[in-house]
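These notes are about the structure you will find just below.
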Amino acid sequence: MKSSPISKKISARQGEKYKKRLILFLLFLLSWVSLPARRSDAIEITDDLGRTVVLERPAARIVSLYAGHTENLVSIGAGVAIVATGQGAAGLSPDIPLLGSKPGIEQIAALFPDVVLTRPMMARSQESLYQALDSFGIKVLALDPPEWKKFPDYIALLAQVAGIGGDVKKNAAAMSADAAPGGKKLRAFLVTNGRTMATCAPDSWAAHIMELAGLENAARGAVPISEGSVLSAFGAERLLAAGGEIDVILLQQGAMNTVRAEDFVRDTRFASIKAVLSGMVFDVPEADISRPSLLRLKNGAARKLCALVTGREASGCAEEAMPK
């Protein structure tokens, strides 16, 4: 007797459930039979949640759930170790699975990763997922996007995790060197949130990218909204008060801001701002200006910004100000 389409669907669902349970059971067994003795090449790291994580060896299989971590792994030659990522990232093979912003335990467990890289913010918002990973012996490192001055140390830590040799810390420091003082610079204001007219904090990644592009941050006196934050409150009134001295308005495009350059220009409140009057209002991708990414630095994020604002070719833009 032939089985009906309904019974086939039920069997398929049961098979899928069995497969997931089998994967989790195997991981459970592996977590119990793992050797407790620490190897001589073990790596001990304290992450940004204050947890001590021990890797028995450099990770050969990495699930990277934050695009910044993914791009920085690629930039130091560890892209081959990435078996899945949560978000799309530059430089990544199109064959690498994207798990999305809220992956399931089965999705991650099926990849048998040596370590899962994430951000503390993501770990806190999906606490049950990370507790489940921990219960099955899957190591998780929660690392914040680094401050500009700490970026070389962060790159060195990723290299340690992935077993990458060479002086990557020195190379990262050279790439992220601030631009040398030059002549008169255009004063630029970055809008990170068009609803509140928030901007980047003076020591944020975005502020330094503007400096590398040969621009002066018009909000250098802004105060971060909290200690260590990359954002500063500013507001429309304060922006209008400084409008006569702002040569360029940049609107960051991404999850944090949906107001585009054309929207800003149409807003009659800002009609008197120098940048609006001179047609110097531009959209910039959030990933290029605000994501701490050595890969994007290497690919000329600052040069592209300089070219956008000045109208010059990126290859010849502010050559003397760019890191070699």
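Cα centroids of the stretch 47-87 and the stretch 202-250: 31 Å apart.
Charge dipole (Cα centre; +1 on Lys/Arg Cβ, -1 on Asp/Glu Cβ; no other charges) of the stretch 251-302 amounts to roughly 160 debye. For Met256 and Ser278, the difference between the fully extended length at 0.36 nm per residue and the C-alpha to C-alpha distance is 5.3 nm.
Taking Cβ atoms as reference points and 12 Å as the exclusive limit, the residues near Leu157 contribute a net charge of -3, counting Lys and Arg as +1 and Asp and Glu as -1.
Using the Cα centre as the reference, give the magnitude of the dipole from point charges on the C-beta atoms of the stretch 34-131 (Lys, Arg: +1; Asp, Glu: -1; all else neutral), rounded to the nearest 20 debye. That gives the stretch 34-131 a dipole magnitude of about 100 debye.
Looking at the stretch 180-321 only, what percent of DSSP beta bridges run antiparallel? Nearest 5 please.
Taking every DSSP beta bridge with both residues in the stretch 180-321, the antiparallel ones total about 30 percent.
By the beta-carbon count within 10 Å of each Cβ, the least crowded to most crowded order of Asp144, Asp203, fewest first, is Asp203, Asp144.
Note on the stretch 72-174: the C-alpha convex hull projects to 6.7 nm² when averaged across all orientations.
Over 18 Å apart at the Cα level, from the set Lys149/Lys184; Lys185/Lys274; Lys169/Lys298, are Lys149/Lys184.
Placing +1 on each Lys and Arg Cβ and -1 on each Asp and Glu Cβ, with no other charges, gives the stretch 182-293 a dipole about its Cα centre of roughly 220 debye.
Near Pro146, once Lys and Arg are set to +1 and Asp and Glu to -1 for all other residues with Cβ below 15 Å from its Cβ, the sum equals -1. A simple count of charges around Glu71, restricted to other residues whose Cβ falls under 14 Å of its Cβ and scoring Lys, Arg +1 and Asp, Glu -1, yields +2.
Backbone geometry of the stretch 279-294 corresponds, through the Karplus equation with coefficients 6.51, -1.76 and 1.60 at θ = phi - 60°, to 3J(HN,Hα) couplings of x, 10, 10, 9, 8, 9, x, 4, 5, 6, 9, 10, 7, x, 9, 5 Hz, x marking Gly and Pro.
Order by neighbour count: Asp41, Asp153, fewest other Cβ atoms within 10 Å first, most last.
Asp41, Asp153
Annotation: the residues Ile164, Ile209, sorted from fewest to most other C-beta atoms within 10 Å of their own C-beta, follow the order Ile164, Ile209.
Could you tell me the relative contact order of the stretch 92-199? Use alpha-carbon pairs under 8 Å, at least six residues apart, and round to a whole percent. This gives 17 percent for the stretch 92-199.
Here the peptides 215-224, 124-133, 61-70 are ranked by packing, the mean other Cβ count within 10 Å, and the order with the highest first is 61-70, 215-224, 124-133. Close amide-amide hydrogen proximity is noted between Leu251 and Val191, Phe282, Asp283, Val284, each under 5 Å apart and 5 or more residues distant or on a separate chain (H modeled in the peptide plane; Pro and chain starts excluded). Roughly what % antiparallel, to the nearest 5, for the DSSP beta bridges in the stretch 37-172? So the antiparallel bridges in the stretch 37-172 amount to around 30 percent.
Excluding same-chain neighbours fewer than eight residues apart, the aspartates and glutamates reachable from Lys150 by a Cα-Cα span under 15 Å are Asp47, Asp48, Asp178, Asp203.
Considering only Ala123, Gln87, Gly77, and ranking their Cα positions along the charge dipole of the stretch 37-172 that arises from unit charges at the beta-carbon of Lys, Arg, Asp and Glu, the one farthest toward the positive end is Gly77. Working note: Karplus 6.51/-1.76/1.60 with θ = phi - 60° gives the stretch 156-167 the couplings 5, 5, 4, 4, 5, 4, 8, x, 9, x, x, 8 Hz, where Gly and Pro are set to x.
Each reported figure results from applying straightforward, stated rules to the coordinates on display, with no laboratory input. In this text, all values refer to a predicted model and were calculated from it rather than measured experimentally. Virtual Cβ from ideal backbone geometry, glycine too; neighbours counted across all protein chains shown.
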